[in-house]
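Worksheet: one structure, shown below.
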Amino acid sequence: MPEAGQKKVSIRIDGELVQLPASHTILQAAAMAGRFIPTLCHFDGLADAGACRLCVVEVSGVARLLPACTTPVQEGMSVVTDSPKLAAYRRMILELLLAERNHVCAVCVSNGHCELQNLAAQLGVASVRYPYRYPKLPVDLSHPRFVLDQNRCILCSRCVRVCASVEGAHVWNVMSRGIHSMVVADLNDPWGDASSCTGCGKCVNACPTGALSEKGQAVEEMMKNTAQLVTIAMRKAVRA
Amino acid sequence: MSRIKLATIWLDGCSGCHMSLLDIDEAILAVAEKADIVYGPLVDAQAFPEGVDVTLVEGAVSSREDLNNVRMVRARSRIVVALGDCAVTGNVPAMRNSIPAAKLLHRIYVEGSQTNARVPNQGVPPLLPQARPVHDFIKVDYHLPGCPPKPALILGLLTELLNGRAATLPVVKFG
Amino acid sequence: MSRIEDLSTFNDVRERGVAKLLPGVPRIAVGMGTCGRGNGAEGVYHALAERISYYGMDVQLVGTGCFGPCSEEPLVNVFIPGQPLVILRRVQASDADRILSAITTGHVPAELAWCKVEDWDHVTAHFKYGHGYPELPDWRDIPFFAGQKKIVLRNCGVINPDDIEEYIGVGGYQALYKVLIDGRPESVIEQIKAAKLRGRGGAGYLTGLKWDFMAKARDVEKYVICNADEGDPGAYMNRNEIESDPHALLEGIIIGGYVMKSTKGIIYVRSEYPLAVHRLERAIEQARQYGLLGVKILDRPFDFDIELVEGAGAFVCGEETALIASLEGQAGRPRPRPPFPAEQGLFGRPTNINNVETWYNVPPIIIKGPAWFTETGSARSAGTKVFSLVGKVRNTGLVEMPLGTPLKTFVYGIGGGGAPGRSIKAVQTGGPSGGCIPQEMFDTPVDYETLAQLGSIMGSGGMVVMDEDNCMVDVARYFIEFTHSESCGKCVPCRVGLDVSLKILDDFTTGKGTAAQLDQIVELGRMIRDTSLCGLGQSAPNPVLTTMRHFRHEFEDHMIAKRCRAGVCGSLALSPCENSCPLHMNIPRFLALLKQNRLEDAFESVVMDNPLPASTGRVCQHPCDNRCRRQTIDEAVNMREVHRFIADAIYQSDRFDALAARVVARKLPATGYRMAVAGAGPTGLTAAFYLALLGHQVTVYDGKPEAGGMLRYALPEYRLPKAVLAKEIEMIARLGVQFVFNTRIGFDLSLNDLGSSHDVVFISIGTWKESWVHLPGTELKGVMPALPLLEAVSRGEAPPLGRKVLIIGGGNAAVDAARTARRHGAEAAIVYRRERKDMPAIAEEVHAAEQEGVKIVFLAAPHRILGDGEGNVKALEVVRTRLGEYDRSGRRKPVSTGEVIRMDCDAVVLAVGETVDADFCRASGFSLTEGGTLVVDRFTLETSRPNFYAGGDVISGASNVSNAMGYGKKAARIIDERLMGAGRLAQVLPGFDYVPRAPDQLSSARRHETAVLPAAERAQSVEEVAIGLSAACALEEARRCLHCDARG
């Protein structure tokens, strides 16, 4: 985290002037300006992966779109957080995610508390124009307390990062590549057999969807304790 | 102004969306003032008529019969609404999609049966390889997701359409 | 073996190297790159070694890398003291004795010699070999090398890559020496900046700037990395550079390490390049031994070492942050930048990564200076670039060209153009991240900016040439399949977006694509390009976006017509021959039926696919020959002659009536629709045949007194006997088609009249208007266009040709006119402005004409026609031409040399092309193109007026009989489908008891050509020249078919 007294820069977010330390990102600047930028892979206190690409924004003078989560602010920068093009792209990204795996909200433990579901509603995704892939994916019930349902995973890697940088256990990683990518515990072991797992549950609370959940929860019952985890992660990040 | 012809059809779904439609309670009276319900599980009509103004489609397209039906619905309706998650996304009926249809039927009707173990092939329409959303087969004018969609949302959409206006959907949610 | 510590030891090594390269004894160097080895270079090397030791010869035998031209491998170069270095090509092990015995007599084997090198510019040194072999071309005069400038490839194929002394012998490590002695790293960076060297890996970032950042970064450890993870399909520049000259790479990296104050270099090389890995290992070992790597390099206070790391072959590791992750032992996935590697790279330390080829440019810039470097190339892209030129060109291989060279120089100059009879349609640059540039844009200079503007990229230098046999939809699908399988899966647009893109492209290649998907894939492509995390995703849509931009019509063909013109998309074509046939004849089927001795079935199959089988069997341009897969064994099956044989056999037998009845019996019940067909040429006849079969009432109108159009009035009797044509027209008449002759549409009867008395009008008039050349003297008596001449002859008139006739043109009409003139006792000569291979006429016809005594004067353009003072033609003056630049058609443009030749003659025939006279259509409210043809919908053939359709020459301009008939068939199918609401053509076509399968017994015979009358006999008669195949030969041809129609 930036230290106090660090050099500040002035930038404009959708025209509004914001002053903040140079090490901050556009995403942080937008939060200060009260502007909403959608994200799925970002998690306060964790290093950003830049994976979901929902947070791309327009920066004047830059031909390319830039991800708000990993782009540091620069003096004089002028950022547009929403535009017809950005909105269209963001909807396309959400539709791609919904088509990729089996997000059957109606029977999901996270129904009603899911970041993907909520964002889709917020960004106006009422149907998916791409063909659903309907892949056959496993559900890992081997852990005594938790469930990993690959059908709901969006590969945001929040579990991977929280486990590595906050808990320090490095249980999770992503195996294979491309469309075959899959979150695995240890060396693709059943989660229950993963000797590195401390059972802390941080991954479950970091997970934006119903991919990681606690056992015994029925449809709509799985509520993640995100706020507490953010506090822990931020503290850890300050110390690091 | 002539009365609106409203139809509903029930494909592969649980009928919950039709229940939700009924859950608009007394507002159904206002609907009935403007529209005739010309076809659907709620009425007794035998055949889907020509020249329907608005058709609400519940359920995923899962069988050969569903497919014929949606094509007919499209040909005979001015506005087609995919009502509920099954029609919009495939939802629960689509959970079988990663399993080949023949294997699925065998598992249930042969392996899972004590008596008369055989895959039914008479009097039931053949399954399509996958259950898929309605818009995979026909053009859909409005998507109203939800499992089921909230009665208020259905009413809101209907009110707009029955008054001959292009509807703008409010925030809708899958699930 | 010695450690170099000062100038004197350096010079000692250098002299030893020079002595190896210019020995006092003959030196034979075998090209032993992967490409050479793949073509048998190891066998050549071992054979030479064995024979040298057997004869006890004093000959130096070495292996070198590759000289570039892959299509000529294996290459061997021979140096005999005092003589030029001679490059031998396509050398086999069995040539060893021949080479060695020639060398003993002080020569090189003439039959293997390709070109010579009298002096060679190694950039860092200049070598003079010797003079001699005046008969051998200099290497620079070989089209493949013309214009190449070898800076990166300066030593490739000349020096032994396994011998550091040879590298030092050609000036290697001199730049390093200079840099270390000077001891001013900042000035090196200034030089690299001044040279405007840009990264050769693809992005083209300025190398000097990158070095500057890195040099300024402060840390206890800094890394200098060479990215040798070349993974584009069709690209192998880096592999060859490393295999041929590994030390030049090391030298570049060591210099980079010094100026950026790093002590650790890493070469990240693909493990799929075992030879490159092997040569690098060896080179690193040697460099250490000679004190060029390790501690106190060249005895200066500079420590640096290089480690070789083999990558596991992930394309995404070409992305620098993914490469770094891979080096760290993690999965090769990129991470967002910033932080940039120059700040936080490998293990969090400042890191610089450059592509292999970038490093190769460093020593020459230091030795020759930045000003020398910027002399080559374009303003913003200095220097050269190595390209792998592959695909559908005659000469393939690695070429190094100045940046900014136009694409056409690569394709037509160096590449030598396409295969005979094929037209090139695009070049794909930059591999899976690049795009396709269409032939119309071949003037494009190849540099970073221009390619980017066209939606492509330079990439690492892959250049794949594509011709009409390549399907652009399939090309797009192929590259998306590649990036899809190489996507790391980290970011959503690339991971899922490419998966959806691939699914959509799959739909197109199988004919299931929709108009909505066409828009969707572009929209998706833009999103993937704009939002992906790394270069892989950002550039992955390029192949789709560029093919959609330049070849959208091919996507539409797949979608609407369910047609893949290139015949690549398997589920859209029965076989390559069927796909190429404008009539889509089921060729494998009639061949199989003939083979099974079912002649009548074969006839029915043929005639139902093509109502003029005997006529087309004689005069068709036979595109099927060009596509036949039998060509991969020997020659194409003579399909045209077989269907001619089948038709002739029936027409000449007493079974004609019975078979005609079989055809008539297939007719559908009357629909009551009345159709008018305007024009009784091949297009109109074909449309009439199918429309009548489908139950419509058809009347054909024509201005001539008989049916047949060009077939009847333009084709001479000796090519197509009128009796044959008459028989075929009789078959059409038996279906109930009515003919109204001597009625010119637009003059005697207007289109509006036709429209009011018929439900549908199909316009199929031909190209009866002869193009006129603007030439002084065309008003003279004895100057005539070809068509009226041929038409007069067909009516039995004797043309006023005189004793000597000159024909201007190179198409079929020119050849027909010349052969007709011969038959009327005149001498005939054709004057054509290009070369023989450029003639549009059917090659067999040209050959026959020459046999009959027709002379052809090539490279001569008409200048003016001279008269005798009484208004008669006396002579033609022609200007000698030579071939200049390549034009849009891929042919070289004839340019005047100024030399005028006079040719005496009594008549001049103009056969420079025919156009359609469709002006009368304009009056009836039809839209015409600039070229004067009717405007129609490409897929429905409907004109700008409803219920009026058009096909054949009137929409395409002058074409040929099978194309014309193809339009007729298509029009009939579409008109019927539109009127009746469903496609019914399949109902009238017969089915046969025939299952396509690969033949049990394949004939090993070569192609049978039709028998012809002896030239002496035929020049004086109008007898048909081509007699046709015998029954036995036709059967044997049918047995030669590979049956590409067989599935699974």
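The values are calculated or read from the model by the stated rules, or taken from the named source; none is laboratory data. Computed from a predicted model, the values in this text were never measured in an experiment. When we count neighbours, we look across all protein chains shown, and the Cβ atoms used for this are built from the backbone with ideal geometry, even at glycine.
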Pull out all pairs, ordered by first then second residue, where Cβ-Cβ is under 6 Å, the residues are six or more apart or on different chains, the first lies in region C:938-961 and is at positive phi and at pLDDT 90 or above, and the second is not in a loop (DSSP other than H, G, I, E, B) and not β-branched (V, I, T).
C:L941/C:Y949; C:L941/C:A971; C:G952/C:A964; C:G952/C:Y967
Among the residues in region B:103-120, are any in a strand (DSSP E or B), within 12 Å of another protein chain (Cβ to nearest Cβ) and within 29 Å of A:P135 (Cβ to Cβ)?
no
From the residues in region A:184-193 that are touching a residue at least 40 places away in the same chain (Cβ under 8 Å) and outside any helix (DSSP H, G or I), which one is nearest to the other protein chains (Cβ to nearest Cβ)?
A:A185
Would you check which residues across region C:388-412 are within 30 Å of C:I189 (Cβ to Cβ) and either assigned by TED's automatic domain parsing to the domain that holds C:G252 or of a type in the set (S, T, Y) (or both) and list them?
C:T405
Within region A:156-183, restricting to residues that are outside any helix (DSSP H, G or I) and away from every other protein chain (no Cβ under 14 Å), the one that is nearest to A:A51 (Cα to Cα) is A:V171
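Yes/no per residue for (1) surrounded by fewer than 22 Cβ atoms within 10 Å (Cβ to Cβ); (2) at pLDDT 95 or above:
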{"residue": "C:Q652", "(1), (2)": "yes, no"}
{"residue": "C:A661", "(1), (2)": "yes, yes"}
{"residue": "C:L668", "(1), (2)": "yes, yes"}
{"residue": "C:T671", "(1), (2)": "yes, yes"}
{"residue": "C:A707", "(1), (2)": "no, yes"}
Where a residue in region C:496-521 is more than 22 Å from C:L533 (Cβ to Cβ) and more than 11 Å from every other protein chain (Cβ to nearest Cβ) and its partner, wherever it lies, is at pLDDT below 95 and not in a loop (DSSP other than H, G, I, E, B), with Cβ under 6 Å and at least six apart
C:T510/C:S571; C:G511/C:L572
Could you tell me which residue of region C:322-337 is nearest to the chain's Cα centre (by Cα), considering only residues that are free of Cβ contacts under 8 Å to residues at least 12 places away in the same chain and either more than 12 Å from chain A (Cβ to nearest Cβ) or within 17 Å of C:P350 (Cα to Cα) (or both)?
C:A325
Go through region C:751-775 and give me each residue that's out of contact with any Leu (no Cβ under 9 Å at 6 or more places or on another chain), at pLDDT 90 or above and surrounded by fewer than 17 Cβ atoms within 10 Å (Cβ to Cβ).
C:N752, C:D753, C:S756, C:S757
Residue count for region C:855-884, restricted to those that are within 30 Å of C:L407 (Cα to Cα) and without any contact (Cβ under 8 Å) to a residue 12 or more places away in the chain
1
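Here is a yes/no grid of residues against (1) without any contact (Cβ under 8 Å) to a residue 60 or more places away in the chain; (2) within 38 Å of the chain's Cα centre (by Cα); (3) part of a loop (DSSP other than H, G, I, E, B); (4) not assigned by TED's automatic domain parsing to the domain that holds C:V411:
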residue: C:P134; (1), (2), (3), (4): yes, yes, yes, yes
residue: C:K150; (1), (2), (3), (4): no, yes, yes, yes
residue: C:C156; (1), (2), (3), (4): no, yes, yes, yes
residue: C:E165; (1), (2), (3), (4): no, no, no, yes
residue: C:V188; (1), (2), (3), (4): no, no, no, yes
residue: C:W211; (1), (2), (3), (4): no, no, no, yes
residue: C:M214; (1), (2), (3), (4): no, no, no, yes
Quick one: in region B:79-102, of everything that is β-branched (V, I, T) and within 12 Å of another protein chain (Cβ to nearest Cβ), which residue is surrounded by the fewest Cβ atoms within 10 Å (Cβ to Cβ)?
B:I99
Scan region C:454-468 and give yes if some residue there is modelled with pLDDT of 95 or more, within 14 Å of chain A (Cβ to nearest Cβ) and surrounded by 21 or more Cβ atoms within 10 Å (Cβ to Cβ), otherwise no.
no
Among the listed residues C:A707, C:A687, C:A692, C:A723, identify the single one that is touching a strand residue (DSSP E or B) at 6+ places or on another chain (Cβ under 9 Å), free of Cβ contacts under 8 Å to residues at least 60 places away in the same chain and in a helix (DSSP H, G or I).
C:A692
Let me spell it out: the conditions are (1) surrounded by fewer than 23 Cβ atoms within 10 Å (Cβ to Cβ); (2) in contact with a Phe, Trp or Tyr (Cβ under 8 Å, 6 or more places away or on another chain); (3) of a type in the set (A, V, I, L, M, F, W, C), and C:M472 meets all of them except one. Which number is the exception?
(1)
Helices (runs of 4 or more DSSP H) completely within region C:230-340 that count 3 or more residues being under 30 Å from A:C156 (Cβ atoms):
C:320-327
Hey, among the residues in region A:96-150 that are hydrophobic (A, V, I, L, M, F, W, C) and part of a strand (DSSP E or B), which one's farthest from the other protein chains (Cβ to nearest Cβ)?
A:F146
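Listed here are the residues, each with its yes/no results for (1) among the basic types (K, R); (2) on the phi > 0 side of the Ramachandran plot; (3) surrounded by fewer than 19 Cβ atoms within 10 Å (Cβ to Cβ).
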residue	(1), (2), (3)
A:Q6	no, no, yes
A:I13	no, no, no
A:T25	no, no, no
A:R90	yes, no, no
Any residue in region C:538-551 that is out of contact with any strand residue (DSSP E or B) (no Cβ under 9 Å at 6 or more places or on another chain) and assigned to a loop (DSSP other than H, G, I, E, B)?
yes
Condition check: under 32 Å from the mean Cα position of the chain (by Cα) and aromatic (F, W, Y). Does C:Y273 satisfy that?
yes
Looking at region B:131-175, which of the residues that are over 30 Å from C:K512 (Cβ atoms), in contact with a Phe, Trp or Tyr (Cβ under 9 Å, 6 or more places away or on another chain) and part of a helix (DSSP H, G or I) is nearest to the other protein chains (Cβ to nearest Cβ)?
B:L157
Of all residues in region A:41-77, which are aliphatic (A, V, I, L, M), more than 7 Å from every other protein chain (Cβ to nearest Cβ) and outside any loop (DSSP other than H, G, I, E, B)?
A:V57, A:V59, A:L66
Determine whether A:M182 is under 25 Å from C:C491 (Cβ atoms), in the same structural domain as A:V104 (by TED's automatic domain parsing) and in contact with a Ser or Thr (Cβ under 8 Å, 6 or more places away or on another chain).
yes
Just to check your reading of the model, which residue among C:G736, C:G766, C:G796 is free of Cβ contacts under 8 Å to residues at least 24 places away in the same chain and in a loop (DSSP other than H, G, I, E, B)?
C:G796
Qualifying residues in region C:902-922 (those that are surrounded by fewer than 17 Cβ atoms within 10 Å (Cβ to Cβ) and among the charged types (D, E, K, R)) - the one farthest from C:T778 (Cα to Cα):
C:R922
Here is a list: C:A1034, C:A958. Which entry is surrounded by 17 or more Cβ atoms within 10 Å (Cβ to Cβ), assigned by TED's automatic domain parsing to the domain that holds C:R644 and either part of a helix (DSSP H, G or I) or touching a strand residue (DSSP E or B) at 6+ places or on another chain (Cβ under 9 Å) (or both)?
C:A1034
